[in-house]
Amino acid sequence: MARLAGAHSAAIATLDNDHQYRWVCSPRIHKALLDFSTSEIRYENIRPERHIQSRKFAFLRDIDLMTEREIEEDPIYRERLRPLGFGWTAGDVLREPSGHLLIVDLLRETSAGPFQPDDMATMNRLKPDITRAAWLASRLAFKQARNTVETLELIGMPAAVIGDNGGVMEANPQFQGLGTQVLIGAGNRIRLSSASAELLLGTCITAVRKSEVPIVQSIPLPARTEEETPLIINVVPIKKRSRDIFNRSLVVLLVTKVGMSETHDPHVLQGLFDLTPGEARIAWEIGSGGTVDRAAENQAISRETVRTYLKRIMMKTGVRTQAQLVLLLRGLPFLR
């Protein structure tokens, strides 16, 4: 796009209703955009709103949306763009089917002068293709969330995908059938029967959104009556690439029931918790009632190696003790 528009570089960003900002850009401005996207000054960008208000539904130049004085006094131009040698911008604002904004931004060096009408005409010929691509990418991101919970449904595991706004994007029938212990309430928010567990869930989701917790977290949900079964809710962050600007999925919630008597095959454990083959074998040994000594003997490794594996396993599964690990592994559903 930058080459076709006669620009120095280009960026595509998505912005949701909670001001979550995702972007991908030309490599040459990556560091500058990274600094911009984490700064408060990004909220002072008046161009997208001006673009929407214009109702022209086309690629427009900054000089089409702002006066010369406004450009001179704009803090983004003054503090961010001009010090880097950029003096002119152009772009478009689209609305995805999800309701989020898609912003296309083109940058040109100050010495090159403003974008010309011919540059905008070139981009507007591409606009239908860009719109279609955005629509497809957005739809595919939601389909990916649906595929995730449907795959887990095949092994009988209740699962839900939580979006980056904290609401449920998709949930399988097993998750929706958990009764009053786990409900999907107003705003598609998860409601748990334990206030402390619900608070912990919210804290986990917030931490993942801020990229503070890149590992699985496990939340115990006690039974309130003899008819209920204690549950463990695993909050599994969804790994993303930097280019996944349309992916709204944040975490997968996996719900397991405590108290079953067997442990999954190591290959299944490896896939569920992203374990290495060695870690999966040790998890199976411990989950099957083995001790550190027995696991070391059966796997022909030292006790220290087993303990090292255990530490990694507990980090990946979000538990803090060996006893919690056994309860978690024995609570997984089984292929029949």
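Remark: the ARG3-SER39 segment gains 10.2 nm on full extension, using 0.36 nm per residue and subtracting the alpha carbon distance. Modelled spin-label separation between ASP293 and SER111, with each label point placed 7 Å from Cα along the Cα-to-Cβ direction: 7.7 nm. Placing a label point 7 Å from the Cα of SER54 along the Cα-to-Cβ direction, the residues of region 71-87 whose backbone N falls under 14 Å of that point are 71. Just check region 36-148 against the gyration tensor rule for me: Cα atoms, a ≥ b ≥ c as the square roots of the eigenvalues, rounded for a/c under 1.5, and otherwise prolate or oblate depending on whether a/b exceeds b/c. In terms of gyration-tensor shape, prolate.
Couplings for region 100-114, taken from phi via the Karplus curve 6.51 cos²θ - 1.76 cosθ + 1.60 with θ = phi - 60°, read 6, 8, 10, 10, 9, 10, 10, 10, 10, 5, 4, 5, 7, x, x Hz in order; Gly and Pro are left as x. Under a Gaussian network description of the chain, with springs only between Cα atoms under 10 Å, the residue in ARG55, ARG82, ARG139 that fluctuates furthest is ARG55.
Remark: relative contact order (region 99-223) = 12 percent; criterion is Cα-Cα distance under 8 angstrom and separation of 6 or more residues. Each residue of region 178-188 was assigned a 3J(HN,Hα) from its phi angle through the Karplus curve 6.51 cos²θ - 1.76 cosθ + 1.60 (θ = phi - 60°); the sequence is 7, x, 7, 5, 9, 10, 9, x, 4, x, 6 Hz, with glycine and proline shown as x.
What pairs from LYS56/LYS210; LYS239/LYS311; LYS31/LYS311; LYS31/LYS56 go past 30 Å between their alpha carbons? Listed pairs above 30 Å: LYS56/LYS210; LYS31/LYS311; LYS31/LYS56. Of the candidates GLU227, GLU297, GLU285, which one comes out as most mobile in a Gaussian network treatment of the chain with C-alpha springs shorter than 10 Å? The residue that fluctuates most here is GLU227. Go through [x] 67, 53, 34; [y] 70, 45, 36; [z] 74, 44, 33 and flag the label whose value is the computed Cα extents along the principal axes in Å for this structure. Evaluating Cα extents along the principal axes in Å on these atoms matches [z]. Close amide H pairs (under 5 Å, H built 1.01 Å from N) link LEU250 with ILE162, GLY163, ASP164, residues at least 5 positions away or on another chain. Evaluate the relative contact order of the chain (contact order divided by residue number), counting alpha-carbon pairs under 8 angstrom at least 6 apart; express in whole percent. Answer for the chain is 13 percent.
Would you list the membrane-span-like helices of the chain, meaning whole DSSP H runs whose alpha-carbon atoms span at least 27 Å along their axis and whose mean Kyte-Doolittle value is at least 0.5? Mind showing how you got there, number by number?
Numbers: long enough: 117-154 (54 Å, -0.43).
Helix filter hits for the chain: none.
So for the chain, taking the charge dipole from beta-carbon charges (+1 Lys/Arg, -1 Asp/Glu), which of TRP88, ASN124, MET169 sits furthest toward the positive end? Value computed over the given set: ASN124. Among THR256, THR151, THR225, the residue with the largest mean-square fluctuation in a Gaussian network model of the chain, with springs joining Cα atoms closer than 10 Å, is THR225.
Fully extending the segment from GLU72 to GLN322 would add 83.8 nm, taking 0.36 nm per residue of separation and subtracting the current Cα-Cα distance.
Each value in this text was obtained by applying a stated rule to the coordinates, not by laboratory testing. This one's a predicted model, so the numbers in the text were calculated from it and none came from an experiment. Positions of Cβ are backbone-derived with ideal geometry, glycine not excepted, and every protein chain shown enters the neighbour counts.
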